[in-house]
Amino acid sequence: MNDSHGLIVDYVLGDLGDDEARAFEERIAAEPTLAREVERMRGVLGLLPYAKATEPPPHLRAAVLRAADTARKPRPTRRTTIRAAWSTFGLAAAALLAVALGIDSYRVRRELRLERTVTAMLQEPNIVRSFALHGTGTASGAVGTVALDLDAKKGAVAIERLPALPAGQVYRLWALVGENDVPCGDFGVNPAGKIVNQFPIPVDSYTAPIARLFVTVEPAPAPPRPSGPTVMTSA
Amino acid sequence: MSAVEPSPGRVPSQSRTDAELVAALRADDGSALGALYDRHGGLVYGVALAILRSPQEAEDLTQEVFVALCGHLGYDAARGELAGFLVTATRSRAIDRVRSRGRHLRLLRRWHETAPAGASPATPLQNVSTKQRTERVRVALTELSEREREVLELAYFQDLTQSEIADRLGAPLGSVKSWARRGLLSLRDNLQDLVG
């Protein structure tokens, strides 16, 4: 492990080139002890912000409360509200929040590429919500993005590295809306393990904000409620 | 009834958890934001200031982050602590601003790779307050030599590579690398109970 610390530090500081980083990530994937140490060092580096906590200027508190109060007042239309929120949220921020859940850098790069794919599919100006999906269980290497345009009533999904399914099974994307699981569409995987597809959105089903999106394995034709294992989920 | 006593059925803000305060905020309880700001405002402002290096921009960003917390910014208590979440949100937004100043890709990657400790679920000291964590990290940093601390901060907050740091400090790259390594190992030894 001692020989590895130089590399670990270079890696967590982002100082390795792409090829070196890729090679190191392969080692991390194969060596659990190394993986734990990398996580520890990353975690320690991630503590540095706490040392920076600084008493804000006294007037800022009132300014924050005032701004929040203004922001809470109803906006002219739902569309405006969603788009304004979206534009301040930003694709990069969405990806970062996904990363806070432990998705590694290589996956993030793929994720950003997928973001661009779905963005292109929906033609950017109309995008109103975007969700990063990450794999769990048997599909732990999978990564994907879903974008929903509730006004145009369509969504786009791009997923990579999903295992192929036996005949008679499909992947189904669901939206958790309030307490209900709303099916969004069934998808097959191409031979490269990818799903890139659009789907219509039954807007009438969206009676509450979307809490989460997830993907399950289902028999074809898929039942109206999730029955199979969850293989991907949004943050 | 004395004026300082909380009204019946109402828990004073100080004793409510972050998750309870966020839930209250969503339920339009205006007092919740003030309590959350009192608890985490210094962290958000400090991180914004460390990256943006402009008090005015740091104030603007602090305001933006707390306003977003009232609305669209999707914090979910099941995913980890609010403090870590706010740090991530602040950093990502600070990066957006730094990006617009023209130096972005590598910094973006570094932030991606270093999620704040509080954002990962279930660390042993999950309930350590931001204030206690700040104290712990500051104390741990005093164990580092000036150079070790400087190298880590330049790398982390100013987006410099170790080679760039060597140039800036007029020191050999090998020394910079060993300062970075010794500094991180020392922090790890002193803080590993905070990162699991």
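Points worth noting:
- Any chance residue B:84 is touching a Ser or Thr at 6+ places or on another chain (Cβ under 8 Å), within 8 Å of another protein chain (Cβ to nearest Cβ) and either closer than 18 Å to residue B:190 by Cβ or modelled with pLDDT of 80 or more (or both): yes
- Within the stretch B:140-150, being open to solvent by 30 Å² or more (accessible area, probe 1.4 Å) and free of Cβ contacts under 8 Å to residues at least 40 places away in the same chain holds for B:142, B:145, B:146, B:147, B:149, B:150.
- Single unsatisfied condition, residue B:18 versus (1) open to solvent by 30 Å² or more (accessible area, probe 1.4 Å); (2) within 26 Å of residue B:156 (Cα to Cα); (3) modelled with pLDDT of 85 or more: (2)
- Residue in the stretch B:151-169 that is in contact (Cβ under 8 Å) with a residue 24 or more places away in the chain, in contact with a His (Cβ under 9 Å, 6 or more places away or on another chain) and either in the same structural domain as residue B:83 (by TED's automatic domain parsing) or part of a helix (DSSP H, G or I) (or both) present: no
- Filtered residues of the stretch A:1-47 (kept if under 25 Å from the mean Cα position of the chain (by Cα), assigned to a helix (DSSP H, G or I) and within 7 Å of chain B (Cβ to nearest Cβ)): A:12, A:40, A:41, A:42, A:43, A:44, A:45
- Residues that are among the basic types (Lys, Arg) and either in contact (Cβ under 8 Å) with a residue 12 or more places away in the chain or over 19 Å from residue A:11 (Cβ atoms) (or both) within the stretch B:170-186 comprise B:177, B:182, listed in sequence order.
- Residue, farthest from the chain's Cα centre (by Cα), within the stretch B:23-45, restricted to residues that are of a type in the set (A, V, I, L, M) and surrounded by 15 or more Cβ atoms within 10 Å (Cβ to Cβ): B:24
The values are calculated or read from the model by the stated rules, or taken from the named source; none is laboratory data. What you are looking at is a predicted structure, and each value in this text was computed from that prediction instead of being measured. Cβ coordinates were reconstructed from backbone atoms using ideal geometry, including for glycine residues, and neighbour counts include every protein chain displayed. Remember, those area values only see protein heavy atoms, side chains included, never the ligands or the DNA or RNA. Shrake-Rupley method; radii C 1.70, N 1.55, O 1.52, S 1.80 Å.
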